[in-house]
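Taking it in order: structure first as structure tokens, then the write-up.
The values are calculated or read from the model by the stated rules, or taken from the named source; none is laboratory data. For clarity, every value in this text was computed on a predicted model and none was experimentally measured. FYI the Cβ positions are ideal-geometry reconstructions off the backbone, even for glycines, and counts take in every protein chain you see. For accessibility, only protein heavy atoms count, side chains too; no ligands or nucleic acids. Shrake-Rupley method; radii C 1.70, N 1.55, O 1.52, S 1.80 Å.
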Amino acid sequence: MTFPWVLHLGTWVPDRGDPYLNAFILHWDFVQGLHDPLHLFDAPLFFPLAKSLAFSEHNFGLALPLFPLFAAGASPLLAHNVAVLLGIALSGYGTFRLARTLTGSEGAGLVAGVLFAFSPYRFSQLSHVNYLSAGWMALAAEAVVLFARKPSRRRAVWLGAALAMHGLSCTHWLILGALPMAATAVVVALRHGTLVDRRFWWRGLAASAFAAAVVIPFLLPYREAARLYGFTRTETEARHGSARPIHWLTADPANKLWKGLGDTGAWQELHLFPGLLALVLAGVRLAGARSSMRDSAAKEKPAGRSDAVLVGAIWAGLGFVGSLGMNTPFHAALFRTLEPFRSIRVPARWAMPGHLGLAVLAAVGVTLLGTRLEGRRGRAALVGALLILAFVDLRAAPLELVVGEPEPDELSRVLAVTPMRGGIVELPSGGALGNYLYVLRAADHGKPIVTAVSGFRPPLVARIEELEALRPVPSGLLDVLEGIPASYLVVHGSRLTPEERRAVDGFVARSVASGRLGFVGRFDGRRENDLYALTRVEPAAVTHSPPAFEDDAGEAAQPPAGKSDDRLTGSLDDPPEGTVVQGDLRIRGWARIPGEDLDVTVLLDGRSLRPDTLKRVPRPDVGAALPRLGSCLAAGYEAVLPSSECPDGLVEIRVLFRARDGRTRSYPVRTVTWRRGSTGSSAAGRAEGR
């Protein structure tokens, strides 16, 4: 299901966004957890703000099993990818345990585990290791069931440990799992007569108190950050992240069988379809299963199975209603009355507890179908057939992945040994590429960065990005940097568009001329990572003559950059992500909206291709597939770069589209390896499924 990722764990990622942020957080948990755990939440992000780890999930429970891997020298990106696979595996194992405990059937538990582990919704969360890792939620639910049936000391110990790990692993699941967990405890205890047992209350309270003592220190910084910076979600944000019933029939595009089902234009967070098999098996209970249960009462432990029906219904029902968010009174009331729920930006994530409930109900369906078969072999054959159907129903492999940047660059190695009084500001900030790479590299150099990224954007970062977007970039930006204080400014030349490069170069040139910025050096070759010292903050920094700057027409007014619009349609078809190209490099794609061929700029490592290199070509295939675009006689674009220009290594290709009305779109960066040699692509270097 995760092929070919398992073959590229050290380098490939779902995208270059949240995986980079979570890789940093997991590494920070390891470093700070061992050296200064009392200041775990004072991460070197968004300098000089305190408690900056509380701007995102802390992931500490997910990081704990990775400590030996980090100690052995694994890169943050490798550890992150291992955490993703562990999260999927633990989600399946925890659900297997829960379903087996509730139904008494290992086969039913196995089917339930597969359905939950490889749910299409989990693959929509592939970039969010914290949200796809729901194994401890399932294990905690099983611990609640076991304890509610028999409140022994041993089960109380396991309950406390499971609840603690559940709370440490994902704050979202701690919050959204609280109500179904409590309802499960009450319902199962009522059915087994333990609700009036003093041991249930005393030992249950002791287990809960232990878990609370472990988890609450990890929750208080979130409350402090909310108090300091006003970081809570608005009703508008929560409404945007609220699902509608159609979204439970909207499949993630990664699913090979059901992609295109439902609302294909929905935000990725709203792809909640659990797969057809889970729905069919869960529906067996509603299709005459009562008589089957009565007929098998002597053989199949009906009390346990009734527990399964009730527990599954609780989790599935609350998960479904909760996922509708502000569209129903249920979550709206929780959001308005309980502080923890005001931290939930995407109520649709209630779908994860809902899918756990569906998996349990599916396990009941498996046991009911098994009662119609004679002997162990017949039931084993049923389970085997259902597992085959599950893998067909849920198949996402081969996954579409991109090449990550696991190794520290030259600039990061320099920053790691550079003393500084303040933080680091990196440009461009925000925009199409975001600040995720800066956060990942912070795990390498360990210095405080100002322009970071998280679930919240502090006003200081917003102000820097606002000033950077002005044309010309005003000198007031330098005042802001000195006030932070920032010790160093990094300009990533290859991440700037030509228009942005002229504007930033103009700002830097004026700042150097004023003596307030000093050029330290250029690093990483074609990437052109330029390091500047803010001389009022770092007067002892050794500086040199700067490189030549591109003219931005001084302080004269310039036209603003066009507004970004992802509705500008087009593609970058070749070369595929991760390809090893030998010889000439051929870049091709298309860019058109109805009635207009879009202007195309192709950047190679941040530098525009020469105008004579790029030509427009017919794309009749695009016109046939998308007739609404009209004539596609010049919709395509193509450039062939000779091997004589080959840098013999990794190159980044970026394509910019621009409409006549000024709207723009930046197509995601594509990384390929360009080698000197015979013309063509090497299949050995290409990832499957891209």
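Some values worked out for this structure:
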quantity	calculated
Within-12-Å neighbourhood charge of E407 [Cβ basis; K, R +1; D, E -1]	-3
Value of Rg to Rh for the chain (Rh from inverse mean 1/r over Cα pairs, i.e. Kirkwood)	1.01
Alpha-carbon centroids, the range 509-527 and the range 599-641: separation in whole Å	35 Å
Reference-scaled alpha-carbon Rg (2.2 N^0.38 Å with N residues) for the range 388-446	1.78
Per-bin percent of Cα-Cα distances, the range 108-163 [5 Å]	4, 19, 21, 17, 16, 13, 7, 3
Rounded tilt (10° steps) of 436-445 against the dominant C-alpha axis of the chain	90 degrees
Sum of side-chain charges, R122 neighbourhood, beta-carbon under 12 Å (Lys, Arg +1; Asp, Glu -1)	0
Amide H within-cut-off set for F118, under 5 Å, with H built and near neighbours excluded	none
For the range 292-447, alpha-carbon Rg and Dmax in angstrom	25.6, 76
Given charges at beta-carbon only (K, R positive; D, E negative), |dipole| of the chain in Debye	3080 debye
Within-14-Å neighbourhood charge of P448 [Cβ basis; K, R +1; D, E -1]	0
Using a Förster distance of 45 Å, the FRET efficiency for E407-A206 (Cβ separation, nearest 0.05)	0.40
Relative contact order of the range 359-456, pairs being alpha-carbon contacts under 8 Å that are 6 or more residues apart, as %	22 percent
Quotient of C-alpha Rg and 2.2 N^0.38 Å, computed over the range 399-498	1.10
Förster radius 45 Å - calculated FRET efficiency between A178 and R526, Cβ distance, rounded to 0.05	0.30
The range 594-643, relative contact order in percent, only Cα pairs under 8 angstrom and at least six apart counted	41 percent
Computed P(r) (all Cα pairs; the range 45-169; 10 Å bins; percent)	13, 35, 34, 15, 4, 0
Mean separation of Cα contacts under 8 Å (6+ apart) over length of the chain, as relative contact order %	13 percent
Compactness index (Cα Rg / 2.2 N^0.38 Å), the range 115-272	1.24
Sequence of K563, K150 when ordered by accessible area, the most exposed leading, probe 1.4 angstrom	K563, K150
Surface per residue (accessible, 1.4 Å probe) for the range 1-51, Å²	38 Å²
Helix 351-370 axis, angle to the chain major axis (alpha carbon atoms, nearest 10°)	40 degrees
Computed P(r) (all Cα pairs; the range 519-642; 10 Å bins; percent)	10, 27, 28, 20, 12, 4, 0
Extension gain, E224 back to L387 (0.36 nm per residue minus Cα-Cα distance, nm)	54.0 nm
At R0 = 35 Å, FRET efficiency that the Cβ-Cβ distance of F3 and S545 yields, to 0.05	0.10
Carbon + sulfur, % of accessible area of the chain - ligands and nucleic acids excluded, 1.4 Å	60 percent
Probe 1.4 Å, all protein chains present, accessible-area order of D661, D524, D597, largest first	D661, D597, D524
Crossing angle, helix 76-103 versus the chain [Cα axis fit, 0-90 degrees, rounded to tens]	20 degrees
Distance between modelled label sites at L195 and A89, nm, 7 Å Cα→Cβ extension	4.0 nm
Ranked order, T95, T232 - accessible area, probe 1.4 Å, largest first	T232, T95
